[in-house]
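Have a look at the structure below, then the notes.
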Amino acid sequence: MGLEQYKGDMEMCCRCSACKFIPMQKVKGHQYAYVCPSISRYNFHAYSAGGRLNIGAAMLKDGMKYTDKLLDIVYNCQLCGACGVSCNYAMDMEVLEPINEFRIKCVEDKKTHPALDKIIANLKKQGSMIPGAKGKRGAWAAGLKIKDATKEKVDVLYHVGCLTSYDKNLQKLAKATAKILQKAGVNFGIAGDAEMCCGGRAYQMGYPKEFLNQAKKNMAMIKKAGVKTVVTSCADGYQAFKVLYDRFDLKGELKVLHISEYIDKLIRDGKLKPRRKVEMAATYHDPCRLGRLGEPWVHWEGKKIPGDRFVFDPPKPYRRGANGVYEPPRDVLKAIPGLKFTEMTRIKEYSWCCGAGGGVIESNPEFAKWTARERIEEAVSTGAEALVTACPWCEKIFNEAIKESGSSLKVYDIVELVEKAI
Ligand code: SF4
Ligand code: SF4
């Protein structure tokens with residue numbers, strides 16, 4: 001089926017351009033009205049969601065005639081989903097799915113991007129998304145007395161993720177997470193060297209077979225370990241386990257929580273008490289795959305009612321991003337004594353992407369950093385001295401952009417601040 005299944009959605013696009021902005025009703029001024037990094041950066045309609053759908057529809061009709069320009073458009077998109085949320089404010093049609101399918105089609109037709117090819121080759125060889133990563137995946141946990149979930153019975157499996165496991169600057173997030181769970185007395189473990197990439201980023205890059213391969217391996221390991229709950233500290237990992245594994249009927253009854261949800265619950269249950277003051281003015285960045293794209297998958301089967309109108313029996317539900325994980329991270333930040341919390345303009349399902357998604361951090365790092373800089377400016381405009389996020393990929397690209405721009409804004413993951421507070 002692939003791209004073909006979204007023919008009707010692509011033909012529905014009326015070229016209204018709503019997908020370029022946050023919904024008009026939410027706009028608070030010219031500066032932060034835009035929501036699509038691709039059209040904002042390249043300023044030509046083909047780089048918007050509407051443009052991509054128009055091209056997809058035309059190519060289905062007239063044949064897949066690839067050009068370098070077309071591939072530039074396809075790969076310069078973070079697959080962040082902001083376009084779909086804005087479009088779906090008024091329209092009932094799929095937007096992100098056909099954009100993702102378009103990329104899958106390019107990969108099937110061997111019109112791949114060399115930087116992404118390299119990532120996927122490494123995934124197949126070493127099981128991680130980090131080419132050149134040295135050492136063992138579970139090495140960060142040495143000496144921390146963390147249970148091996150593949151050998152000991154645990155209530156919770158902490159899935160660490162590729163970037164946090166291997167990046168020397170981000171392993172602190174895994175250590176902070178482990179410390180928080182230990183402090184709260186949670187019976188948790190990690191899979192260590194047996195942990196595998198969740199596969200989520202491979203799916204975004206247009207490689208569904210490689211995604212499924214990873215997903216099946218992970219679920220087999222989880223089943224064997226008898227684990228019922230998985231906690232991730234990476235938004236990509238969260239979306240993979242929670243949404244994609246469910247979509248492809250692999251998740252079963254597995255409970256999937258992001259660490260911000262789990263910490264929120266631990267605080268509410270009185271198992272974790274943030275008592276130490278963390279005096280700073282901070283704002284929060286919603287990672288796309290924890291927020292709008294972390295919204296649970298809705299299984300639906302039905303058929304289009306014959307005729308010109310795009311109506312289905314039973315009515316087709318659309319995921320509009322409102323049911324992502326928004327309040328738990330905010331509640332955790334508000335529970336930290338001394339922290340002054342302030343919001344940016346584009347928040348929750350209307351959040352601006354950090355720039356790292358869809359393989360853009362690998363395929364076009366300049367565009368990824370440009371996107372991050374836009375968010376950094378927005379964070380600075382609130383008067384905040386710190387930008388807090390809940391995904392290592394966001395922290396990585398924000399720090400890279402700050403290094404170049406010289407901004408004094410500090411970047412933290414939510415687990416780093418909770419660690420300070422306990
Ligand atoms: S994708 Fe949706 S919002 Fe964008 S131009 Fe098409 S109909 Fe309008
Ligand atoms: S997924 Fe993000 S970058 Fe791609 S077209 Fe939509 S809003 Fe733009």
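The values are calculated or read from the model by the stated rules, or taken from the named source; none is laboratory data. If you're wondering where the values come from, they're calculated on a predicted model, not measured in any experiment. In this analysis, Cβ positions are derived from the backbone assuming ideal geometry, glycine residues included, and neighbour counts consider all displayed protein chains. Just so you know, the surface numbers come from the protein's heavy atoms only, side chains and all, with ligands and any DNA or RNA stripped out. Shrake-Rupley method; radii C 1.70, N 1.55, O 1.52, S 1.80 Å.
Centre-to-centre separation between the Cα atoms of region 328-356 and those of region 113-168: 27 Å.
Projecting label points 7 angstrom from Cα along Cα→Cβ for MET64 and ASP308 puts them 3.2 nm apart. Between ASP92 and MET24, the FRET efficiency estimated from the beta carbon spacing at R0 = 25 angstrom works out to 0.85.
The Stokes-Einstein estimate for region 129-268, based on a Kirkwood radius over Cα pairs and taken at 4 °C with 1.567 mPa s viscosity, is a diffusion coefficient of 86 µm²/s. Among the GluC sites (Glu not before Pro) within region 320-373, those in coil by DSSP and having at most 13 neighbouring Cβ atoms inside 10 Å are GLU343. Of all DSSP beta bridges confined to region 155-298, the antiparallel ones make up roughly 0%. Each part reduced to its alpha carbon centroid, region 293-307 and region 216-234 end up 27 Å apart. The listed peptides 129-137, 186-194, ordered by packing as a protection proxy, come out as 186-194, 129-137 (highest mean of other Cβ atoms within 10 Å first).
Packing, taken as the mean count of other beta carbons within 10 Å per residue, orders the peptides 30-40, 2-12 from highest to lowest as 30-40, 2-12. For the set LYS26/LYS265; LYS147/LYS224; LYS179/LYS217; LYS65/LYS110, the pairs lying more than 20 angstrom apart at their alpha carbons are LYS26/LYS265; LYS179/LYS217. Once the 1.4 Å probe is applied to the protein heavy atoms, the chain comes out at 43 Å² accessible per residue.
Taking the DSSP bridge list for the chain and keeping only pairs wholly inside it, about 10 percent are antiparallel.
Of ALA202, ALA142, ALA368, which has the largest mean-square fluctuation in a 10 Å C-alpha GNM of the chain? Of ALA202, ALA142, ALA368, the most mobile in the Gaussian network model is ALA142.
P(r) tail for the chain: Cα pairs beyond 41 Å make up 12% of the total. The residue list VAL298, ALA184, PRO208 was ranked by how far each Cα lies along the charge dipole of the chain toward its positive end, using unit charges on Cβ atoms, and ALA184 comes out on top. Electrostatic tally near ASP269: other residues with Cβ closer than 14 Å to its Cβ, Lys and Arg +1, Asp and Glu -1, net +1.
Our compactness index for region 305-422, the C-alpha radius of gyration over the empirical 2.2 N^0.38 Å, is 1.34. Within a straight-line Cα-Cα reach of under 16 Å, LYS7 can be paired with the following aspartates and glutamates, leaving aside sequence neighbours fewer than 8 residues apart in one chain: ASP62, ASP92, GLU94, GLU97, GLU101, ASP308. For q values of 0.10, 0.20 Å⁻¹, compute log₁₀ I(q)/I(0) with the Debye formula on a Cα-only model of region 1-104, without solvent. Each listed q corresponds, in turn, to -0.25, -0.98. Note on GLU301 and ALA281: the model spin-label points, each 7 Å out from Cα along the C-beta direction, lie 5.6 nm apart.
Ligands, DNA and RNA left out, the 1.4 Å accessible surface of the chain is 51% carbon and sulfur atoms. Peptide packing for 43-53, 404-414 was compared via the average number of neighbouring C-beta atoms within 10 Å per residue; ordered from the highest value, the list is 43-53, 404-414.
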